[in-house]
Amino acid sequence: MHESRIRCWGVRALAVLLGGAGLLLSSTLAAQPSSPAGKASYVGSERCQKCHQELYGGWKRTRMANVVRDPREHPEAVLGDFKHPDPVRSFSLDDVAFVYGSRYKQRYFTRKGNDYFPLPAQWDIAGKRWLPYHVEAGTDWWVPHYGPTNFDRPTGPTCDGCHSVNYNVETHTVTEWNVGCEKCHGPGSEHVAHPTRKNIINPETLEYVRANDVCMQCHTQGRPLRNPVSDRWYDWPVGYVAGERLADYWELEELKPGASNFYQYPDLTAHKNRMQGNDFVQSTMYHRGLRCFDCHQVHSDKIESNLKLKGNEVCLFCHNDQNPAGLRGSVSQHTHHAEGSTGSQCVACHMPTIEQTIKDNFVAAHTFRFITPKETEVSGIPNPCTSCHRDKSTAWATEQLKGWNTASPWRMAQ
């Protein structure tokens with residue numbers, strides 16, 4: 001942890017001392033470890049367990065290690081109510097080859113030939129109800145390239161590349177299902193045979209662009225640079241291997257200032273889930289060299305969202321009184337809300353839950369921008385003030401912010 005704090009503060013300080021992020025970027029890009037992908041092959045996560053028991057054990061309990069599950073092997077993974085009939089659900093558990101998801105929603109895939117297809121209902125975990133599942137026209141970019149029904153849309157090109165390790169576009173086979181070790185560390189045969197630090201990818205040692213690319217290969221909305229692939233249109237970066245430059249395989253979805261659509265709000269904040277990376281690359285923190293795993297610990301499920309620390313601790317670890325970007329005074333003085341209240345949580349204002357994952361369930365934005373009530377009036381993007389104080393107007397919220405002497409009225413109330 002001490003090392004993480006030094007890095008978090010040191011990256012910002014270095015950027016200032018060197019005259020900005022541009023010089024910092026050029027210096028960090030120079031020292032890029034090469035990828036072992038050229039000569040190594042994939043061997044599966046179980047081969048990692050012998051030498052990395054603690055990390056493997058922690059990862060094994062995470063949602064990443066359990067994204068898709070065969071209900072025959074893991075009946076405990078089934079969250080949907082298959083015991084009672086429901087007009088929304090037209091299939092039985094016998095039709096399900098894989099269950100997908102366990103936090104906000106659970107979807108169900110059936111198998112035909114060597115392909116999987118999404119069944120037409122999903123389980124709303126919070127609402128404990130069945131909802132229709134069908135990607136409508138005018139939403140995802142790939143919809144026009146496939147037929148109109150779920151059974152015209154195989155999950156291989158639309159989903160499976162991010163839910164597996166080493167998906168083969170020709171044979172539709174994988175080394176393993178779920179986000180295994182080699183998804184983030186690259187093919188491991190050389191490392192298993194002769195373990196050294198030089199023949200495996202450790203994202204901690206990569207410069208920040210490639211380090212973040214490891215997460216952004218799945219946590220972004222975009223399109224492969226080469227599409228279609230083997231006569232199919234893919235919605236994940238085919239061919240990318242951890243340690244490489246994601247931009248050589250993948251183009252982020254174009255965001256347009258002022259537009260409001262399936263992907264974005266008018267201020268360029270994402271409108272849908274899976275776009276954490278699209279948000280993050282816009283942020284000051286990304287441009288100062290922060291990595292996703294400076295906040296998240298993907299080898300542990302001890303804290304929700306795989307965070308390293310709980311609540312405000314994860315933010316205040318860096319934004320402390322020794323950091324030019326840190327707080328001046330207490331959290332309560334900064335937020336104008338009671339200590340320990342919902343309104344005094346850093347994420348309440350800087351990571352509002354406005355990005356839709358299913359129906360009335362939303363995930364946190366990752367731009368880390370404060371969205372003002374005035375922006376809601378102008379463009380309709382939800383702001384954290386009236387999203388919490390639902391009985392109040394944006395005019396009321398603006399007047400409240402004008403009275404905050406601890407923050408700039410030009411930034412907060414306009």
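The values are calculated or read from the model by the stated rules, or taken from the named source; none is laboratory data. As the structure is a prediction and not an experimental result, all values here were calculated from the model. When we count neighbours, we look across all protein chains shown, and the Cβ atoms used for this are built from the backbone with ideal geometry, even at glycine. When the accessible area is computed, the model is the full protein with side chains, heavy atoms only, and any ligands, DNA or RNA have been set aside. Shrake-Rupley method; radii C 1.70, N 1.55, O 1.52, S 1.80 Å.
With respect to (1) crowded, with 22+ Cβ neighbours inside 10 Å; (2) in contact (Cβ under 8 Å) with a residue 60 or more places away in the chain; (3) not in a loop (DSSP other than H, G, I, E, B), the lone exception for PRO187 is condition (3). Against the test of being out of contact with any strand residue (DSSP E or B) (no Cβ under 6 Å at 6 or more places or on another chain) and under 30 Å from ILE125 (Cβ atoms), the options CYS385, CYS318 yield a single qualifying residue, CYS385.
Looking only at the range 45-95, residues that are of a type in the set (Gly, Ala, Ser) and crowded, with 18+ Cβ neighbours inside 10 Å come to 4 in all. Quick one: would you say ALA259 is among the aliphatic types (A, V, I, L, M), within 19 Å of ALA40 (Cα to Cα), part of a loop (DSSP other than H, G, I, E, B) and open to solvent by less than 50 Å² (accessible area, probe 1.4 Å)? So ALA259 does not fit the description; no.
Residues checked against (1) touching a residue at least 40 places away in the same chain (Cβ under 8 Å); (2) not in a loop (DSSP other than H, G, I, E, B):
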{"site": "GLU73", "(1), (2)": "no, no"}
{"site": "GLU76", "(1), (2)": "no, yes"}
{"site": "ASP81", "(1), (2)": "yes, no"}
{"site": "HIS84", "(1), (2)": "no, no"}
{"site": "ASP94", "(1), (2)": "no, yes"}
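Could you tell me whether ARG107 is free of Cβ contacts under 8 Å to residues at least 40 places away in the same chain, among the charged types (D, E, K, R) and crowded, with 17+ Cβ neighbours inside 10 Å? Yes. Take the range 351-387 and flag every residue that is part of a helix (DSSP H, G or I) and either open to solvent by less than 70 Å² (accessible area, probe 1.4 Å) or closer than 30 Å to PRO132 by Cβ (or both). If the condition is that a residue be part of a helix (DSSP H, G or I) and either open to solvent by less than 70 Å² (accessible area, probe 1.4 Å) or closer than 30 Å to PRO132 by Cβ (or both), then PRO373, GLU375, THR376, SER379, PRO384, CYS385, THR386, SER387 are the ones that fit. Between VAL238, VAL209, VAL229, VAL214, which is β-branched (Val, Ile, Thr) and within 13 Å of CYS159 (Cα to Cα)? Just one listed residue meets the conditions, VAL238. Residues that are hydroxyl-bearing (Ser, Thr, Tyr) and assigned to a loop (DSSP other than H, G, I, E, B) within the range 96-153 comprise SER102, TYR104, TYR133, THR139, TYR146, THR149, listed in sequence order. Close contacts from the range 272-283, counting a first residue that is within 16 Å of GLU254 (Cβ to Cβ) and a second that is surrounded by fewer than 19 Cβ atoms within 10 Å (Cβ to Cβ) and aromatic (Phe, Trp, Tyr), with Cβ to Cβ under 7 Å and a gap of 6+ residues or different chains, come to LYS272/PHE262.
Determine, yes or no, whether PRO148 is modelled with pLDDT of 95 or more, within 30 Å of GLU254 (Cα to Cα), open to solvent by 30 Å² or more (accessible area, probe 1.4 Å) and more than 21 Å from the chain's Cα centre (by Cα). Before you say what the answer is, go through the steps one by one.
Working: modelled with pLDDT of 95 or more: yes; within 30 Å of GLU254 (Cα to Cα): yes; open to solvent by 30 Å² or more (accessible area, probe 1.4 Å): yes; more than 21 Å from the chain's Cα centre (by Cα): yes.
It is true that PRO148 is modelled with pLDDT of 95 or more, within 30 Å of GLU254 (Cα to Cα), open to solvent by 30 Å² or more (accessible area, probe 1.4 Å) and more than 21 Å from the chain's Cα centre (by Cα).
Considering HIS163, HIS194, HIS172, the condition of being within 26 Å of PHE109 (Cβ to Cβ) and surrounded by fewer than 19 Cβ atoms within 10 Å (Cβ to Cβ) is satisfied by HIS172 alone. Is there a residue in the range 77-94 that is modelled with pLDDT of 95 or more, under 26 Å from the mean Cα position of the chain (by Cα) and within 23 Å of VAL165 (Cβ to Cβ)? Yes, that holds for at least one residue.
Here PHE293 clears all of (1) open to solvent by less than 50 Å² (accessible area, probe 1.4 Å); (2) closer than 23 Å to GLY186 by Cα; (3) in a loop (DSSP other than H, G, I, E, B) except the condition numbered (3). In the set (1) farther than 24 Å from GLU355 by Cβ; (2) in contact with a strand residue (DSSP E or B) (Cβ under 6 Å, 6 or more places away or on another chain); (3) of a type in the set (Asp, Glu), ASP231 fails one condition alone, (2).
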